[in-house]
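One structure below.
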Amino acid sequence: MGHRAGILTRALMAVITRRPLGTPPGTTAIRHSSEVRSMVTVLTLTEIPLAFLVSEILPPAGRIPHAVLELALILTGFGVLVTMARSPHTVSADRVALRTGFMGGLELPRPMVRSANRSMRTIEGRGLRRVPNEPSAVACSIGGSVNVRVLLAEPVPVELDDGHSFDVDTVYISADAPEAITRALKNSAMHP
């Protein structure tokens, strides 16, 4: 949990200090998780006036602890949004980075990625995780909905948070524009 809080804090500080995203030249960034971003935006913005309303009905002794709790909750919401925005999937001639924002990701050598195509499905869980009934597949998304299947040229070893490692030949991800990742993969293959 502390590791993820650090990721959120660094992302918020990057926005506050106006540090640019820093996508290297020749790298295509592909945004992801729009449905989760929309939900977190609504919840975070709703929490702001709700915090004031609840504070008005609390006894004076409970207002300071409540304000601290609400501030932490609202900053966490903004941290999640900023982290997702600042951690897009990236494709270059050398690497393909598939990210979830604050829940990790997977980096692959570009030559190992064969293709990507649309594949709408729901895979329970969050972050980098196994796909039920597909022993050589992982999902890399912050939400349960994925819409792109990335096929690898050959299996690569992947280690999950639980310490287990296994060979993977398919990765399911979420991309706001699924065709953008397919186009980026084609372009990076043509311009190594």
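The values are calculated or read from the model by the stated rules, or taken from the named source; none is laboratory data. These figures come from a predicted structure and were not determined experimentally. Here the Cβ is made from the backbone with ideal geometry for all residues, glycine too, and neighbour counts use every protein chain on show. What goes into the accessible areas is simple: the full protein's heavy atoms, side chains included, and nothing from ligands, DNA or RNA. Shrake-Rupley method; radii C 1.70, N 1.55, O 1.52, S 1.80 Å.
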List pairs: first in region 166-182 and part of a helix (DSSP H, G or I), second open to solvent by less than 10 Å² (accessible area, probe 1.4 Å) and of a type in the set (K, R), Cβ under 8 Å, 6+ apart or cross-chain?
-> none
Of all residues making up region 154-165, the number that are over 20 Å from P111 (Cα atoms) and touching a residue at least 12 places away in the same chain (Cβ under 8 Å) | 2
Please work out if L151 is within 26 Å of V36 (Cα to Cα), free of Cβ contacts under 8 Å to residues at least 60 places away in the same chain, assigned to a strand (DSSP E or B) and over 18 Å from the mean Cα position of the chain (by Cα).
-> yes
Those residues of region 116-146 that are among the β-branched types (V, I, T), surrounded by 17 or more Cβ atoms within 10 Å (Cβ to Cβ) and under 18 Å from S34 (Cα atoms) come to a total of 3
Over region 176-192, the set of residues open to solvent by less than 90 Å² (accessible area, probe 1.4 Å) and more than 21 Å from the chain's Cα centre (by Cα) is N187, S188, A189
Restricted to region 158-175 and to residues being open to solvent by 20 Å² or more (accessible area, probe 1.4 Å) and modelled with pLDDT of 95 or more, the residue farthest from P88 (Cα to Cα) is D167
